[in-house]
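Note sheet for the following structure.
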Amino acid sequence: MNIFRLTGDLSHLLAIIILLVKIWKTRSCAGISGKSQLLFALVYTTRYLDLVSTYISAYNTFMKLIFICASYATVYLIYMKFKATYDHNHDTFRVEFLILPSFVLSLLINHDFAVLEILWTFSIYLESVAILPQLFLVSKTGEAESITSHYLFALGSYRGLYLLNWIYRYYAESHYDLIAIVAGVVQTVLYCDFFYLYVTKVLKGKKLQLPA
Amino acid sequence: CESMLVKDEL
């Protein structure tokens, strides 16, 4: 464990908590893409299947359980409890265009053609694009509530911090995983324009308005 | 192979 990975995981945890609290407190999921949350639930389910087979540490197990439970709780809040506030009209990204290519790619490029490894690889590829429906929704509505912006900033930062973690582990432990690194770079790059808007607008107290 | 180690990450 290193400081980059720890802050990355905490940033990830913060993002998930921000979203849950936002939906729960405002009793509304307006401005939130249910599709992205479904994709995240799929990502954690396919990645953390090893929960039942391998024990790495209490921290690892605890965090995986939190991520899985929180992602399903978020999906439940969006599609069941507060579904009246779900923005059907704007949450229209075709997620099959993300799921299928990720699955095909995980069959073609992986470290080992075994079920758990393929599912892990699929979850890595899918996670790198899972935020697209949310970013698409923000671009369609042209704005995002500041709490949603904080959620996106924390979520985008987590994988960015993981990139630093992988650089550190390459030099400190001389190990690396190209699949995770390449997908992590793609994932972080997708947030770049949002990061720019977040720093130049939201941090100055303005609302996140995308140029129409 | 390098992937076995990375599974200690979330």
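Taken together, the values in this text are just the output of simple stated rules run on the coordinates, not laboratory data. Being a predicted model, the structure only gives us computed values, none of them experimental. Here the Cβ is made from the backbone with ideal geometry for all residues, glycine too, and neighbour counts use every protein chain on show.
Rounded to a whole number of µm²/s, how large is the Stokes-Einstein D of region A:146-212 at 10 °C and 1.306 mPa s, given Rh as the Kirkwood radius over C-alpha pairs? Translational D for this selection: 121 µm²/s.
Rounding to the nearest 20 debye, state how big the charge dipole of region A:143-212 is about its Cα centre with +1 on each Lys and Arg Cβ and -1 on each Asp and Glu Cβ. Don't skip to the answer; put the middle values down first.
Working: 6 positive and 5 negative charges, 56 e Å.
I would put it at about 280 debye.
Can you bin region A:100-191 into rounded, prolate or oblate? Criterion: square roots of the alpha carbon gyration tensor eigenvalues sorted a ≥ b ≥ c, rounded for a/c under 1.5, prolate for a/b above b/c, oblate for the rest.
Details: a/c = 3.26, a/b = 1.43, b/c = 2.27.
Oblate, because a/c is 1.5 or more while a/b does not exceed b/c.
Under 29 Å of direct C-alpha separation, and excluding same-chain neighbours fewer than eight residues apart, residue A:140 reaches these lysines: A:22, A:25, A:35, A:81, A:83, A:201, A:204, A:206, A:207. A P(r) calculated from all alpha carbon pairs of region A:1-131, with 10 Å bins opening at zero, reads 12, 37, 36, 14, 1 percent. Each part gets one Cα centre, and for region A:25-80 versus region A:143-186 those centres are 18 Å apart. Taking a point 7 Å out from the Cα of residue A:210 in the direction of its Cβ, the residues of region A:122-146 whose backbone N falls within less than 16 Å of it are A:129-146. Projecting the Cα positions of A:181, A:79, A:6 onto the charge dipole of the protein assembly as shown (unit charges on Cβ atoms of Lys, Arg, Asp and Glu, taken about the Cα centre) puts A:79 furthest along the positive direction. Residues of region A:53-68 falling in the label zone of residue A:1, defined by backbone nitrogen less than 15 Å from a point 7 Å along Cα to beta-carbon, are A:56-66. Between residue A:79 and residue A:193, the contour length at 0.36 nm per residue exceeds the alpha carbon distance by 38.2 nm.
The longest stretch of chain A left intact once loop-based chymotrypsin sites (Phe, Trp or Tyr not before Pro) with at most 11 other Cβ atoms within 10 Å are removed from consideration, loops following DSSP, is A:114-212.
Once the Cβ-Cβ distance between residue A:203 and residue A:56 is put in as r, and R0 is 30 Å, what FRET efficiency do you end up with, to the nearest 0.05? It would help to have the intermediate numbers written out before the result.
Working: r = 36 Å, r/R0 = 1.21.
Rounded to the nearest 0.05, the efficiency is 0.25.
Remark: C-alpha extents of region A:171-210 on the principal axes read 43, 19, 8 Å, sorted largest to smallest. Restriction of the GluC sites (Glu not before Pro) in region A:114-207 to DSSP coil positions whose beta-carbon has at most 11 other beta-carbons within 10 angstrom yields A:173. When its C-alpha radius of gyration is set against 2.2 N^0.38 Å (N residues), the protein assembly as shown gives a value of 1.00.
Counting only DSSP H runs of at least 4 residues, each contributing -39500 (n - 2.57), and dividing by the residue count of chain A, the helix-based mean residue ellipticity at 222 nm comes to -22500 deg cm²/dmol. Length gained on full extension, residue A:172 to residue A:65: 35.7 nm, using 0.36 nm per residue less the C-alpha separation.
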